[in-house]
Structure formats: structure tokens, C-alpha cells
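First the structure, in the form of C-alpha cells, and then the observations on it.
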Amino acid sequence: MKKVITFDKSARQFILDTFNKSIDQEDYIVEKDNPGQRVLTSDGEEIKLDEFAGIKKGSEVFIKSDLVSLIKLSDDLKDPHESVR
Amino acid sequence: MNPLDKLPKLICIDFFSKLKKLSLNLLSNNCSPKIEINAGTININVYKLKPKEFPVLQEVVKTSLEEGKLLIVDKAKETLEDFKKVDSQDQNRKLLEYFKGKIPTKDIEILRASLYLKNVFERGENVSNLKDDIVTRYGDRGRNICNLCSAGYFTSQIKPLYEEMYSQPDFSLNKFLAIYEIIVTESPYAFFINSWMSDKQAMDEVLKRMEVSRRYGIKYLNIHGIGRENTEKIATLLKELAPQLTQTPEITRGERFIAVKIWF
């Protein structure tokens, strides 16, 4: 996994600032210039700061940190020819 | 001009031009150095960046994403890599392949996640967060499949059940699925003691589960517990259940688990 930039939880705010995002009163990630607009994952789920695992290419696809989301990410990153599913 | 080219001058380090060959990790605290290279990774402490350095690093991050790099929390990356290793193990791939097309697609997803959880548990690590993730996403069905998988039932019970049914001349997938559905929703073979259950609740649940098992002609039940507290609960249960049992329970103990098979 060479094509990766990692960050620890302490640097999440920097990443969110970079992509012009902030946090609303309920801890959901929102658009900084439109705080009523919560950021969604590719499954259409809103995402709390604690659940935020990262971003991948494709109009800024936000990723959750739960196991099921990471499995989906693993499949998305995998060569389709070697997938078991 | 590539923003990477501007960064060395701003941050004033001569090795920054090597960034393309190194992994980049971002952190934010007041104790780590501003920049540090460690085992092929360049760590940048954003807390210690000067205000004029922020936009440059932000541009690097944005450009990297546009170029197809993944931005990911370090712990999530560890889980992702660990999952990939476990998921590619021959026995796991074969089991998933075996059940593909035989059980619902959603259950394959749950089974896949559960096989990972089982592996992590067998390494002696805490799996409560992983289990919560599965239950949050898939509800009680997720919990049941996870429990059945952890106890090895997909290999020891469900696969043999399918093969036995398949060998019958009147086999149909729907017949198998009808029984499979009972197994994953009612778990007639197995009961898992939870730490939140009182002794009485555990006893009531076991009696209920025995009743379900009897209904399907199953005369045994496996009771599982993980952790000392649950092990003690099972010991109490066995004393109370003794009059109803037809033979001595078979007890398998590990360092952190107990599995008891009772016949009734």
C-alpha cells in the first residue's frame, strides 16, 4: 500500500480543514461553507468525526472506520481480477 | 509548479525532495518533532507548522488525493492491511467460495467479516469493537452469524448439513435455506452467554433454546462463554440444569473461553 498518506487521529482536523470541512454540534462532518450539509459516505451515510477513517479519490469519497466500511474499501482498492467476491 | 517542490524551502529541510520515495504520515501534538524520517516514512507534525506552511502542505495532500493516493487514519490502515491478510487465507477464501450462491449475499458479507473477527479473537486480541461494528451494520442476524462463525459452526455444522441434504434425491436449495434460516435466526445448536445477562436470564434463555432445539429434533445444545465472568455463569447453569440432562456435559476450556455440550 504505497499510494497512501496516513494521519493519526490528532491530525484529523488538519485533513478536514484541507478539504474545507468542519464539525457540527452533533459531531458530524459538514461542509464548512454550508454547515447544514453533512458529508456522506458512498453508501449515503452521515459520518461522525470519531468514525472518520479517511478520504479516497472520486469526488472526495469519505470513509468510515468500522469493519464493514473497511472491507468495502479493501474491495474498492483491490484488482477486480483477484477479488473473491 | 508541483507544491511538493515548494515544501522543502518552506520547511527548510534538504531531504524533503525525497518525499516521493517515502510514505507520508501526518500527526498533531506538541511533543513530536516537526519533521522526522523513520523507517521509510516521513512524519510531519502539523501542530508545529508555521502558518505559511499550512497551505503548502494542504496543497500536497489535495494533489496526492487527486493523483489517486488514499488518505487514511493510521489505525484504519492497520486494520485494512490485517483484514486483507486474513481474507486472503486459503481456508477463509474456500469457505466463502463454498457458501457463495448457497446462502444470501448479505450473509456472505457477514460471514467474511466474522471470519476476520474469529482470526483476531484467536490471536488473543479484543474483538468487542469489531463485533459491535458487525451488529451495528447487520443487527441480530449479524450477531448470530458472527457467533456461529466464531464457534466454527459454518464448517462443523452448516457445511455438512448442506452436503447431507444435497445428497438426497429431493434436494432443493430452498429446502436447505429454510433450515439455514432457522439456524441463523434461532441458533438451535448453540447459545452464547453474554456478560450483561444475569444468572436467571441466562438460565431462562438456555431453557428456551433447549425447547427450540427439541422442536427441531435436536437433543443437544452447545453453550459458549468468553471471559471469566461468563465461565462462572455457565458453571452455575450446569448445576441447575443437571436434573434435566441425559448425560454428563462435555466441557472444553481454553484460557479465555468455555464451550459446554449438553444432552437432554
* Highest-MSF residue in chain B out of B:Leu241, B:Leu117, B:Leu130 [GNM, Cα springs under 10 Å] -> B:Leu241
* To do: Divide the volume of the convex hull of the Cα atoms of region B:87-239 by its number of residues and quote the answer in cubic angstrom per residue.
  => 118
* To do: Could you work out, residue by residue across B:144-153, how many beta carbons of other chains sit within 10 Å of that residue's beta carbon, and then give the average as an integer?
  => 0
* To do: Return the FRET efficiency for the residue pair A:Lys9, B:Gln244: r is the Cβ-Cβ distance, R0 is 45 Å, and the value is rounded to the nearest 0.05.
  => 0.30
* Structure fact -> Simple SL model, points at 7 angstrom along Cα→Cβ for B:Asn29 and B:Trp263; separation in nm is 5.8
* Structure fact -> For the protein assembly as shown, Rg(Cα) over 2.2 N^0.38 Å is 1.24
* Exercise: per-residue mean of other protein chain Cβ atoms within 10 Å, A:9-20 -> 6
* Could you state the angle between the C-alpha long axis of helix A:67-77 and the longest principal axis of the C-alpha atoms of chain A, as a value from 0 to 90 degrees rounded to the nearest 10? => 60
* To do: Mind listing the long-range amide H neighbours of B:Phe191? Cut-off is under 5 Å, sequence gap 5 or more, other chains count too, H placed in the peptide plane at 1.01 Å from N.
  => B:Asn222, B:Ile223, B:His224
* Mind listing the phi-derived Karplus ³J(HN,Hα) values for region A:5-17, rounded to whole Hz, using 6.51, -1.76 and 1.60 with θ = phi - 60°, and x for any glycine or proline? -> 10, 9, 8, 8, 4, 5, 9, 4, 4, 4, 5, 5, 4
* Asked: Do any chymotrypsin sites (Phe, Trp or Tyr not before Pro) in region B:212-257 lie in a DSSP loop with no more than 14 other beta carbon atoms within 10 Å, and if so, which?
  -> B:Tyr216
* On average, how many beta carbons from a partner chain sit within 10 Å of the beta carbon of a residue in B:83-94? -> 2
* So for the pair B:Lys200, A:Leu40, with labels modelled 7 Å out along Cα→Cβ, what separation do we get in nm? -> 4.8
* Hey, what's the per residue convex hull volume over the C-alpha atoms of chain B, in cubic angstrom? -> 181
* Asked: Just how far, in whole angstrom, is region B:229-258 from region B:66-130 if you go by their alpha carbon centroids?
  -> 32
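A short reminder: the numbers here are calculations on the coordinates, not readings from a lab. Because the structure is a prediction, the values reported are computed rather than measured. With ideal geometry, Cβ positions are generated from the backbone for all residues, glycine too; neighbour counts draw on all protein chains shown.
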